[in-house]
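Structure first, then comments.
The values are calculated or read from the model by the stated rules, or taken from the named source; none is laboratory data. Small disclaimer: the values here were computed from a predicted structure and weren't measured. Cβ coordinates were reconstructed from backbone atoms using ideal geometry, including for glycine residues, and neighbour counts include every protein chain displayed.
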């Protein structure tokens, strides 16, 4: 089989590899009885599984990118560089924090990138760089890319709902769901909420 076919087969097997890793790490964490162990195990399993299927200097046919290494403070995963900031802030402050690092809030554009952002969050609530601030119900990345072109997105059940019970302005920003039972799902959230910025290095 040619190299291109091998890479395609490896990428198609990625979800199964990640699922297997998650099942193993969940069992280990359950035996330990420690929630933090589960979060750390998921982080490691997903990051390692996705990174192993991104070959430097090869361009996958599904549009994923590959990088050999990332700057200090950033972690390579599925061809992009991410940095989780450990101070919870509102959405605007999260954007500014990422700007300071020559980055933006993470925008998963493929299924592999969505797995990366979910894994790197470590089970914590993180901001993603997608909002409907400009037009209610029309979610898009901050560069204007519409939701329909973000092939990695997956809404949590009943979301988005623009809930106004906490913030009368509704929920115009986006978070990665923290619950490990809905791994990698998205939820609309009030932009005033205090979540962790997950920054993605600019191209």
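Is it fair to say residue 153 is free of Cβ contacts under 8 Å to residues at least 60 places away in the same chain, in contact with a helix residue (DSSP H, G or I) (Cβ under 9 Å, 6 or more places away or on another chain) and more than 17 Å from residue 201 (Cβ to Cβ)?
Numbers: free of Cβ contacts under 8 Å to residues at least 60 places away in the same chain: yes; in contact with a helix residue (DSSP H, G or I) (Cβ under 9 Å, 6 or more places away or on another chain): yes; more than 17 Å from residue 201 (Cβ to Cβ): yes.
Here the answer is yes, as residue 153 does meet what is asked.
Yes/no per residue for (1) modelled with pLDDT under 95; (2) under 20 Å from residue 139 (Cα atoms); (3) part of a helix (DSSP H, G or I):
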{"site": "70", "(1), (2), (3)": "yes, no, no"}
{"site": "82", "(1), (2), (3)": "no, no, no"}
{"site": "87", "(1), (2), (3)": "no, no, no"}
{"site": "92", "(1), (2), (3)": "no, yes, yes"}
{"site": "99", "(1), (2), (3)": "no, no, yes"}
{"site": "104", "(1), (2), (3)": "no, yes, no"}
{"site": "109", "(1), (2), (3)": "yes, yes, no"}
{"site": "113", "(1), (2), (3)": "yes, yes, yes"}
{"site": "117", "(1), (2), (3)": "yes, yes, yes"}
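Could you tell me whether the range 158-175 includes any residue that is surrounded by 15 or more Cβ atoms within 10 Å (Cβ to Cβ), closer than 20 Å to residue 84 by Cβ, in contact (Cβ under 8 Å) with a residue 40 or more places away in the chain and out of contact with any strand residue (DSSP E or B) (no Cβ under 8 Å at 6 or more places or on another chain)?
Within the range 158-175, not a single residue is surrounded by 15 or more Cβ atoms within 10 Å (Cβ to Cβ), closer than 20 Å to residue 84 by Cβ, in contact (Cβ under 8 Å) with a residue 40 or more places away in the chain and out of contact with any strand residue (DSSP E or B) (no Cβ under 8 Å at 6 or more places or on another chain).
So how many residues does the range 129-151 have that are crowded, with 20+ Cβ neighbours inside 10 Å and either at pLDDT below 90 or farther than 24 Å from residue 84 by Cβ (or both)?
1
Just checking, how many residues over the range 112-128 are over 8 Å from the mean Cα position of the chain (by Cα), closer than 17 Å to residue 87 by Cα and crowded, with 23+ Cβ neighbours inside 10 Å?
Filtering the range 112-128 down to residues over 8 Å from the mean Cα position of the chain (by Cα) leaves 112, 122-127.
Subset that is closer than 17 Å to residue 87 by Cα: 122-127.
Then keep just the ones that are crowded, with 23+ Cβ neighbours inside 10 Å; that gives 126-127.
Qualifying residue count, the range 112-128: 2.
Kindly establish whether residue 157 is modelled with pLDDT of 85 or more and in a helix (DSSP H, G or I).
no
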